[in-house]
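The values are calculated or read from the model by the stated rules, or taken from the named source; none is laboratory data. This is a predicted model, so every value here is computed, not measured. Virtual Cβ from ideal backbone geometry, glycine too; neighbours counted across all protein chains shown.
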Amino acid sequence: MSSVRVLAGTRKGAFILASDGKRKEWKVNGPLFAGWEIYHLKGSPLDSNRLYASQSSGWFGQIIQRSDDGGTTWTPVGNKFTYAGVPGTHQWYDGTPHPWEFKRVWHLEPSLDEINTVYAGIEDAALFKSSDGGNSWAELAGLREHRTGSQWQPGAGGMCLHTILLDPSNTQRMYIAISAAGSFRSDDGGKNWKPINKGLVSDMMPDPTAEVGHCIHHVAMHRARPDVLFMQKHWDVMRSDDAGENWREVSGNLPSDFGFVIDVHAHEPETVYVVPIKSDSEHFPPEGKLRVYRSRTGGNEWEALYKGLPQTDCYVNVLRDAMGVDTLDQCGIYFGTTGGQVYASPDAGDTWAPIVRDLPAVLSIEVQTLP
Amino acid sequence: MIRVILPYHLRTLAGTKAEVSLEVAAPATMRLVLDTLEAVYPVLRGTIRDQDTLQRRPFLRYFACEEDWTFEPEDRPLPEAVLAGQEPVTILGAIAGG
């Protein structure tokens, strides 16, 4: 019988939540790396026992951990992230030049076709690649050295490269997103990059339709249709049907189109999930009601999913990497909150129940479906 | 042997007790102590000093014989009591944050 492993990164350690295919009873393993911030954990699609974790601390910097046994044991691997060449400057919050400085790894993305290859999205925004299981890292500098790089500015959470999407149908194509520079695509394995932000409108920018500068919170893709992308921007839920060349808004009837997470059903490419947040000034659900919204039409028409979720006095946030799906026949949806709850729905969002209620603030959720 | 006291999170990371003993070539300085510490425990590379510049991470300080050695020249010889193993070098994390 298949089983599910939910990898939760939190402000104070990592947790591995495991269940069988029924997804009713859960075993909680953790905290791993107790006391450290775990921005992200992710498993290889080629070997579910190969996991990577980004472990960091304001005091002690960045550690990368690797497990080859599904998270039972871990080994620290390479933690040297050195920008290629002389990195120069990007723009600071006030528009003045600011030197690029490595702060932490936000996202780890194992390769779809090479077991020892893994990508890391870092703050200040850059993309790194390891070809030896995380032991050493080299920057794919064509992104940061893009002609617009000196114009990039940090979002409120820092200038982070938080989304890495690998195209399952084209080993040379990958997408990344940076807050607050925008989304970019490479068609040559990460050497060269193109901004793909046409159609985005960000009213807080001097030029709301500028080529770069958009505060993108997360981007999601369905494996079966990698040219279709869904985006939760700072404000606005967006969709592209042409690999990011053009975007259109699909916020439709959402109670707020501000939010952080977005994800796609494992088997239905037009079924999309978001968690609306009231505003960029009030990072909590509208009306104190925690509701996931599902569109079965690829956007525009959204239904509230709330059975089992708190509907009074709920003021948590759901951060950008804190939602995932499993690939069981009845697709499971999972998300974590800044209040330390991890919620699971074994029926594609119709009903929800907490796996755990009192973890540290959840930074990321990834889901593995095990045979 | 030079005794070095590590902050909690570096002990757990390196898999050591609070205090480690290091064989440091004479004349022992803070730079040589840190070089030796990182050579014996490679996982600590980058956690105390930047791996490229070897600059101390900003929330850490160094103490020896109840004196703050954080801003002393790193090539200054350590006190006799440290060299004799009577006093440790302490690497301390700032008490700040949540």
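Among the residues of the range A:81-90, those identified as more than 21 Å from the chain's Cα centre (by Cα) and surrounded by 15 or more Cβ atoms within 10 Å (Cβ to Cβ) are A:Tyr83, A:Pro87, A:His90.
Within the range A:265-279, the residues that satisfy the criterion of being free of Cβ contacts under 8 Å to residues at least 60 places away in the same chain and assigned to a strand (DSSP E or B) are A:Val272, A:Val274, A:Pro276, A:Ile277.
Selection over the range A:53-73 of residues that are crowded, with 19+ Cβ neighbours inside 10 Å, in contact (Cβ under 8 Å) with a residue 60 or more places away in the chain and not aliphatic (A, V, I, L, M) gives a count of 3. Pairs meeting the criteria (first residue in the range A:33-44 and within 14 Å of chain B (Cβ to nearest Cβ), second residue modelled with pLDDT under 95, beta carbons under 9 Å, at least 6 apart or on different chains) are A:Glu37/A:Gly58. Looking across the range A:321-371, the residues that are in a loop (DSSP other than H, G, I, E, B), polar (S, T, N, Q) and within 22 Å of A:Gln311 (Cα to Cα) come down to A:Thr337, A:Thr338, A:Gln341, A:Thr351.
Flag set for A:Asp227, criterion: surrounded by fewer than 20 Cβ atoms within 10 Å (Cβ to Cβ), within 20 Å of the chain's Cα centre (by Cα) and not polar (S, T, N, Q).
Residue by residue, here is whether (1) buried (at least 22 other Cβ atoms within 10 Å of the Cβ); (2) in contact with a Phe, Trp or Tyr (Cβ under 8 Å, 6 or more places away or on another chain); (3) closer than 28 Å to A:Ile176 by Cβ holds:
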| residue | (1), (2), (3) |
| --- | --- |
| A:Asn246 | no, no, yes |
| A:Val261 | yes, yes, yes |
| A:Ala266 | yes, no, yes |
| A:Glu270 | no, no, yes |
| A:Ser281 | no, no, yes |
| A:Glu287 | no, no, no |
| A:Gly299 | no, yes, yes |
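Entry remark, the range B:52-69: residues being free of Cβ contacts under 8 Å to residues at least 24 places away in the same chain, at the interface with chain A (Cβ under 8 Å from one of its Cβ atoms) and surrounded by 16 or more Cβ atoms within 10 Å (Cβ to Cβ) number 1 in total. Just the residues that are aliphatic (A, V, I, L, M), within 19 Å of A:His107 (Cα to Cα) and at pLDDT 95 or above, please, taken from the range A:173-223. Answer for the range A:173-223, where residues must be aliphatic (A, V, I, L, M), within 19 Å of A:His107 (Cα to Cα) and at pLDDT 95 or above: A:Met174, A:Ile176, A:Ala177, A:Ile178, A:Ala181, A:Ile216, A:Val219, A:Ala220, A:Met221.
Of note, B:Gly93 does not satisfy the criterion of being on the phi > 0 side of the Ramachandran plot and within 14 Å of chain A (Cβ to nearest Cβ). One residue stands out among those in the range B:5-19 that are within 19 Å of A:Trp74 (Cβ to Cβ), within 11 Å of chain A (Cβ to nearest Cβ) and not hydrophobic (A, V, I, L, M, F, W, C): the one that is surrounded by the fewest Cβ atoms within 10 Å (Cβ to Cβ), which is B:Gly15.
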